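Just so it is clear, none of the values below were taken in a lab; they were calculated from the coordinates. Just so it is clear, the model here is predicted, and its values are computed rather than measured. Positions of Cβ are backbone-derived with ideal geometry, glycine not excepted, and every protein chain shown enters the neighbour counts.
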Amino acid sequence: MKRFVIASVVALVVAAGGGSAWALDRYVIDHVQISDVTAYEAEHSTGTTCTAQDGDATVTDTSYTSDEATIKVSKVTTGSGSATVTYYVADVVLTDATELCSAFAQNSFGTNIVENTSDIAEDHGAVFAINGDYYGFRDTGIVIRNGVVYRDQGAREGLAFYRDGTVKVYDETKTTAAQLLADGVWNTLSFGPAIVEDGAVVDGIDHVEVDTNFGNHSIQGDQPRTAIGVVSANHLVFVVVDGRSTGYSAGVTLPELAQLMQGLGAKTAYNLDGGGSSTMVFNGALVNNPLGKGKERGTSDILYVAG
């Protein structure tokens, strides 16, 4: 959701002649902190790594079955006319929590580094992928990916995936990356908010702002959305809602997204980056229709299941 907003704001700043160098440096120019994430994870991992699977798998246009994962993808359309909403659901059951992996754009860690979800997925042999939390828009948040710490700057409500299949919403400001890692965390996400907890829709989510920094717009209103839900240990549901496309899909509010996730059986659900970043990829193809244009927009990271 961020790239277009920031580019527009920077253009206005440049035109006004004030602070243009600062804005470009902060929100546009790539800042690479780790140039080879694959090598970095190999060096710092505790034994488990994310690699393409060698076993046999059965794949159709809407499903994938292997010894490691079962994935079923479906399309749902509700409403009519300007109230039409189209969204995509991926029901994913894993044999091990560490089969859900993360990858960064350009195989690099830093800020403002972007790549299309489908391209990142292809680079990592993913059979299924969605956009992540766009960690690269900000320099805060706890970032643990594939069991490796990348950032420890607690700032908001995060989501932690543990190696035992447990998934918890947590306050980043009340812990550290080192503690989370010691407790068995495999991946974290730093966006939010949590929209379903203990099977109930969270109150007040229609007033939440994730960031208050320069160029940020509210995440409220009808928007394209990406969310992840937890049905039970190692049983996840991913949803991508298309939006901003009259007659095809208007998008949904956060409370509507929460109700959708609740209806899919999610006991916990968490909002990820949305807007034009909202993308789902399955078996090498873009599943959804971002902004009704059928064209991806670069993001900084993905969650994926290797094929």
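Annotation: the residues SER249, SER118, sorted from fewest to most other C-beta atoms within 10 Å of their own C-beta, follow the order SER118, SER249.
Here the scattering of the chain is modelled by Debye summation over its C-alpha atoms, one equal scatterer each and no solvent; at q = 0.13 Å⁻¹ the log10 of I(q)/I(0) is -0.89.
Its relative contact order, with pairs defined as Cα atoms under 8 Å and 6+ residues apart, puts the chain at 24 percent.
Please identify, among GLY263, GLY132, GLY141, the residue showing maximal mean-square fluctuation in a Gaussian network model of the chain using a 10 angstrom Cα cutoff. In the Gaussian network model the winner is GLY263.
Legend: residue pairs LYS168/LYS295; LYS75/LYS293; LYS72/LYS174; LYS267/LYS295; LYS72/LYS295; LYS168/LYS293, Cα-Cα distance threshold 25 Å; pairs beyond threshold, LYS168/LYS295; LYS72/LYS174; LYS267/LYS295; LYS168/LYS293.
For segment 176-270, averaging the sequence separation of C-alpha pairs within contact (under 8 Å, six or more residues apart) and dividing by the residue count gives a relative contact order of 35 percent. In whole angstrom, segment 239-307 maps to an equivalent ellipsoid with semi-axes of 20, 18, 11, each derived as √(5λ) from the alpha carbon gyration tensor and ordered largest first. Relative to the current alpha-carbon distance between GLU43 and ASP164, full extension at 0.36 nm per residue lengthens the span by 41.3 nm.
Cβ crowding within 10 Å ranks ASP171, ASP123, ASP152 as ASP171, ASP123, ASP152, fewest other Cβ atoms first.
Its Cα centre serving as origin, segment 2-306 has a Cβ charge dipole (Lys and Arg +1, Asp and Glu -1) of approximately 840 debye.
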